[in-house]
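Report on the following structure.
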Amino acid sequence: MDLPLAMVSSSRELNAGMLRIVVPHVTPSSNNQQVMALFNHHKSLIGLPVLELNRPIGMINRHIFLSQMSRPFFHELYDQKSCIAFMDKTPLIVEADAGLDYLADRVIETGDKAVTEGFILTDDGHYVGIGLGIDLIKTVSELQAKQHQQIMQSIEYARVIQESMLNRSRQSMESHLDDWCLYWHPRDCVGGDIYAFYPFEHGWLQVVADCTGHGVPGAFMTFIFSSALEKALTQVPPHEPERLLSIINQHIKQTLSQLHPSAEKSQSNDGCDAIALFVDTDNQQLIWANAQMHAFQLASDADAVAVLGGDRQGLGYIDTPSDYQWQRHQCPLGRGDQLLIVSDGVTDQIGGERGIMFGKKRIQALLLQERERPMAQRSDALLAALKRWQGEQMCRDDMTWFGFRW
């Protein structure tokens, strides 16, 4: 995809090196015990470059490494072996003097991996540091904001990056889930809803969030949320969703400078509603923490749809304490149980003869009425009902829903 001319002209004076961050590195002679020690010492380190003669040959992803090493007997088998056993051999490597336009094109080519895991910077092939995708997005956004005449091209560029970021989760769902559905539709070209799916040895984690705003501001918040989630997963296990939300809350507030004593006077009061849900496949348990998201559960033997509990406190907002602790919920999962999560763009959509909101009761009624159908067909039924309800009314917000049958 061609970059907007305004960005090209601006980025000639800026290069990838301006995003450089100095982090520790390892070599093929380093063993996995040393890698573990570095990750334990540097809690915010997402990726660890692997160098040979000061030239990068790969990157070790923190989340993947820790997940693998947590498996039974892996410490005994791999502690003293070379770190290249868990190395990504094809990280994005870019010369530090490359223009930001070239870097952005390479990030799009590699998909969401470079956005969430970062990229390696070199000088004539020699390692000089790493860069983070969130810093690239922020820099590009600031450049684009100064070029009003190219705004539509900028939005299209952001759409490609946002969809690339979400694509890995969708593909992972296709590989690990049987009866499920997912609908993601931004009101504008890009949006403020985001979802993320992570498979683990003993279950899987699904996170759905509705960030403030829509369009470009909402999309920028989703990048902040994605970065916060990746950081949280390096610090706490997936089966503790209440702690995940707490770390995400702190990260958003720190990123938006809402931890400062004068934060209450800040013009920014951005944040998100979110739910983090872990399905424990070994123990057949549903574990979740909910920050104001709509979630519904229909047990296989029930004649009514239950609403999943949660806290009436969003993430990152000025009035949300930085040390707020979300409540942990859990319940057993029975064969045939169903769950549906929706963003408030669905429930708040205006329509019908009286011009009122779609609401939660219509969703609950539809879940009961369509309970025997596969989740994909029920998703189609929900979309059709929503379109009929909306009629000629304007779409008010981004819309997202995720559902599965156990």
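The values are calculated or read from the model by the stated rules, or taken from the named source; none is laboratory data. On a predicted model such as this, the values are computed, not experimentally measured, just so you know. Cβ placement follows ideal geometry from the backbone for every residue including glycine, while neighbour counts extend to all protein chains displayed. Only protein heavy atoms, including side chains, enter the accessible area calculation; ligands, DNA and RNA are left aside. Shrake-Rupley method; radii C 1.70, N 1.55, O 1.52, S 1.80 Å.
Brief remarks follow.
- Tally, over region 303-321, of residues that are open to solvent by 30 Å² or more (accessible area, probe 1.4 Å) and within 12 Å of residue 371 (Cβ to Cβ): 2
- A Cβ distance below 7 Å, combined with a sequence gap of six or more or placement on separate chains, defines the contacts here; from region 368-393, residues that are open to solvent by 40 Å² or more (accessible area, probe 1.4 Å) reach residues that are assigned to a loop (DSSP other than H, G, I, E, B) in the pairs 368/305; 374/179; 389/349; 389/352; 389/358.
- Only residues that are under 27 Å from the mean Cα position of the chain (by Cα) and surrounded by fewer than 16 Cβ atoms within 10 Å (Cβ to Cβ) were counted across region 327-358, and they come to 6.
- For beta carbons closer than 8 Å, sequence separation of 6+ or different chains, a first residue in region 125-137 that is in contact (Cβ under 8 Å) with a residue 12 or more places away in the chain and within 27 Å of residue 164 (Cα to Cα) and a second that is surrounded by fewer than 22 Cβ atoms within 10 Å (Cβ to Cβ) and aromatic (Phe, Trp, Tyr), the qualifying pairs are 137/220.
- Index of the failed condition, residue 116 passing every other in (1) open to solvent by 30 Å² or more (accessible area, probe 1.4 Å); (2) of a type outside the set (A, V, I, L, M); (3) in a helix (DSSP H, G or I); (4) in contact (Cβ under 8 Å) with a residue 24 or more places away in the chain: (1)
- Summed over region 259-277, residues that are open to solvent by less than 10 Å² (accessible area, probe 1.4 Å) and either modelled with pLDDT of 95 or more or within 23 Å of the chain's Cα centre (by Cα) (or both) total 6.
- Residue count for region 61-105, restricted to those that are over 30 Å from residue 124 (Cβ atoms), assigned to a loop (DSSP other than H, G, I, E, B), open to solvent by less than 40 Å² (accessible area, probe 1.4 Å) and in contact (Cβ under 8 Å) with a residue 60 or more places away in the chain: 0
- Filtered by the rule that a residue be at positive phi and either touching a His at 6+ places or on another chain (Cβ under 7 Å) or open to solvent by less than 40 Å² (accessible area, probe 1.4 Å) (or both), region 28-57 gives a lone residue, 54.
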